[in-house]
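Peer 1: Before anything else, here's the structure in question.
None of the figures in this text is laboratory data; all of them are computed from the coordinates on show. Source: prediction; values computed, not measured. In this analysis, Cβ positions are derived from the backbone assuming ideal geometry, glycine residues included, and neighbour counts consider all displayed protein chains.
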Amino acid sequence: MFNSARIDQFKNIPTPFYYYNMELLENTLNLIKTEASRYGYHIHYAVKANANPKIMKLIQTYGFGADCVSGNEITRSLETGYTADKIVYAGVGKSDREILTALEAGIFCFNCESIPEIELINELAAQTNKTARIAIRINPNVNANTHHYITTGIEENKFGINRWEFESVLETLEQSKNIELIGLHFHIGSQITDLSVFKGLCLRINEIQEWFKERQILVNHINVGGGFGVDYKDPDENPIPDFVTFFGIFNEFLNLTPNQELHFELGRSVVAQCGSLISKVLYVKNGVNTKFAILDAGMTELLRPALYQAYHKIENISSNGEEDIYDVVGPICESSDCFGKAVSLPSTKRNDFIVLRTAGAYGEAMASRYNLRDIADSVFSNEL
């Protein structure tokens, strides 16, 4: 992926920086659009994965909508060309100000996660003389078999409305004159690579839909969220997730009524593989039992390893030397600022370029200024 010509171009760019392979992103978007169009599915890009304006603008050109989890994400989506009628807004803790932002914009749908939230949206919609379209975010109690920090669809999680609350939800909706129920929403977690989990979700949605049908409640929109995972171990072997199989599962196992439309909220699977974090080695330090490769990038540029011990493939693209073992760490004053332990790399020295792969999702988006560090710049392949 990184040839000698590209490495020469990197020499004039201050590190650390995020590098985006825009050709790979376009190839990914083309496949998503082709396969989703095969079934008439609607795609909303999950902005939380990467809110870089250039990335968002490119994704928007493929006709996708936006899945937002804050008022500022709604504003960024509108600024980058997404139309309000394709914006959905989720989140367990929407503030009054954020709800008003969404109402003023006239977004397509609120994904509502609790009875108090429905009541507040109804109140604010009445105050502004608007009707809010909502989908009920239902907790389907499906285990996504992923890291417990990114599982969202079981009863112990803070997200969604549980089945034992359904009757109370219907009573609330009957009293909410400024609410229009248009859909059911589900999202069971993130970085799901076991595709049988999505079959399980389909079957559970079929059961839940029957409950609503028995009460003569038919909605036009089913939203199955996102969560489709990517290959962190071998990004070159699998640069684009298997969207053919992914969408095919929903076509085969989800029972939609003739008038229902199916929506997806894809984030990581769209942008993760196109992004890398490029860093330089500051020092190689000999420890008691290991060598430390100390980088100029840290948890402020890529939080996932510190947050939940996530794996990112680490490459030294400057060296062809003999392999050695290193703990690859950052400069932040925290012991958790570690990208990988016992990493096999070619002989590594100061100023070597180190690449942390699959950083297009939740890399730049989660960057912070902890230790008063600068926010890293973004570099795009089509601008070099």
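Peer 1: Rounded to the nearest 10 degrees, what's the angle between the helix 243-253 long axis and the longest principal axis of the chain, both from Cα atoms, 0 to 90?
Peer 2: With both axes taken from Cα atoms, the answer is about 30 degrees.
Peer 1: Suppose each label sits 7 Å from its Cα in the direction of the beta carbon; what would the residue 350-residue 79 distance come out to in nanometres?
Peer 2: If labels sit at residue 350 and residue 79, their model points lie 4.0 nm apart.
Peer 1: Just to verify a number: FRET efficiency for residue 370 and residue 283, C-beta to C-beta distance, R0 = 30 Å, to 0.05?
Peer 2: Efficiency, rounded to the nearest 0.05: 0.90.
Peer 1: Out of every Cα pair in region 1-86, what percent are spaced more than 16 Å from each other?
Peer 2: 59 percent
Peer 1: Quick one: of the DSSP bridges fully inside region 23-271, what percent are antiparallel, nearest 5?
Peer 2: 5 percent
Peer 1: Same structure again: Among all the lysines, which ones have a C-alpha under 30 Å from residue 313's C-alpha, if same-chain residues fewer than 8 places away are not counted?
Peer 2: 11, 33, 48, 54, 57, 199, 233, 280, 285, 291, 341, 349
Peer 1: Give me the dipole magnitude in Debye, nearest 20, for the chain about the Cα centre, with unit charges on the beta carbon: positive for Lys and Arg, negative for Asp and Glu.
Peer 2: Computed about the Cα centre, the dipole is about 560 debye.
Peer 1: Shifting gears a bit: Return 317, 278, 354, 217 ranked ascending by Cβ neighbour count within 10 Å, so the fewest neighbours appear first.
Peer 2: Arranged by neighbour count, lowest to highest, 317, 278, 354, 217 become 217, 317, 278, 354.
Peer 1: For the pair residue 96 and residue 207, how long in nm is the line joining their label points, each one 7 Å along Cα→Cβ?
Peer 2: Computed distance between label sites residue 96 and residue 207 equals 4.0 nm.
Peer 1: Ranking 42, 187 by Cβ neighbours within 10 Å, fewest first, what do you get?
Peer 2: 42, 187
Peer 1: Here is a further query. Hey, with R₀ at 25 Å, roughly what FRET efficiency would residue 130 and residue 259 work out to, going by the Cβ-Cβ distance, to 0.05?
Peer 2: After rounding, the FRET efficiency stands at 0.50.
Peer 1: Say R0 is 45 Å: what FRET efficiency, to the nearest 0.05, do residue 311 and residue 216 get from their beta-carbon distance?
Peer 2: Between residue 311 and residue 216 the formula returns 0.40.
Peer 1: Please determine, in degrees from 0 to 90 and to the nearest 10, the orientation of helix 196-214 with respect to the longest principal axis defined by the Cα atoms of the chain, where the helix direction is its Cα long axis.
Peer 2: 20 degrees
Peer 1: Select from 56, 190, 332 the residue farthest towards the positive end of the dipole of the chain; place +1 on Cβ of Lys and Arg, -1 on Cβ of Asp and Glu, and compute about the Cα centre.
Peer 2: Projecting each Cα onto the dipole axis, the largest value belongs to 332.
Peer 1: Also, quick follow-up: What number comes out for the charge environment of residue 90, summing +1 per Lys or Arg and -1 per Asp or Glu over other residues with Cβ under 12 Å away?
Peer 2: Overall, the nearby charge balance is -3.
Peer 1: Something else about it: Using 7 Å Cα-to-Cβ label points, what is the residue 379/residue 119 separation (nm, one decimal)?
Peer 2: Using points 7 Å along Cα→Cβ, the separation is 5.4 nm.
Peer 1: Here's another thing I want to ask about it. Just subtract the alpha-carbon distance of residue 333 and residue 72 from 0.36 nm times their residue separation and send over the number in nm, one decimal.
Peer 2: Between residue 333 and residue 72, full extension yields 90.9 nm more.
Peer 1: With 10 angstrom as the radius, rank 165, 73, 35 by how many other C-beta atoms surround their C-beta, starting from the fewest.
Peer 2: Exposure proxy ranking, most exposed first: 165, 35, 73.
Peer 1: Here's something else I'd like to know. Residue-wise, which Karplus ³J(HN,Hα) couplings in Hz belong to region 51-58, taking 6.51 cos²θ - 1.76 cosθ + 1.60, θ = phi - 60°, and x for glycine or proline?
Peer 2: So the J values, rounded to whole Hz, are 9, 4, x, 5, 5, 5, 5, 5.
Peer 1: Rank 281, 83, 17 by how far each Cα sits towards the positive end of the charge dipole of the chain (+1 on Lys, Arg Cβ; -1 on Asp, Glu Cβ) and give me just the farthest.
Peer 2: Among 281, 83, 17, the one farthest towards the positive end of the dipole of the chain is 281.
Peer 1: Another one. Plugging the Kirkwood radius over Cα pairs into Stokes-Einstein for the chain, at a temperature of 20 °C and a viscosity of 1.002 mPa s, what D comes out in µm²/s?
Peer 2: The diffusion coefficient I find is 97 µm²/s.
Peer 1: Compare the Cα positions of 306, 69, 384 along the charge dipole of the chain (+1 at Cβ of Lys, Arg; -1 at Cβ of Asp, Glu; about the Cα centre) and return the one farthest towards the positive end.
Peer 2: The residue sitting farthest along the positive end of the dipole is 384.
Peer 1: List, in order, the whole-Hz ³J(HN,Hα) value for each residue of region 321-328 obtained from phi through the Karplus relation with A = 6.51, B = -1.76, C = 1.60 and θ = phi - 60°; use x for Gly and Pro.
Peer 2: x, 5, 5, 9, 10, 9, 8, 9
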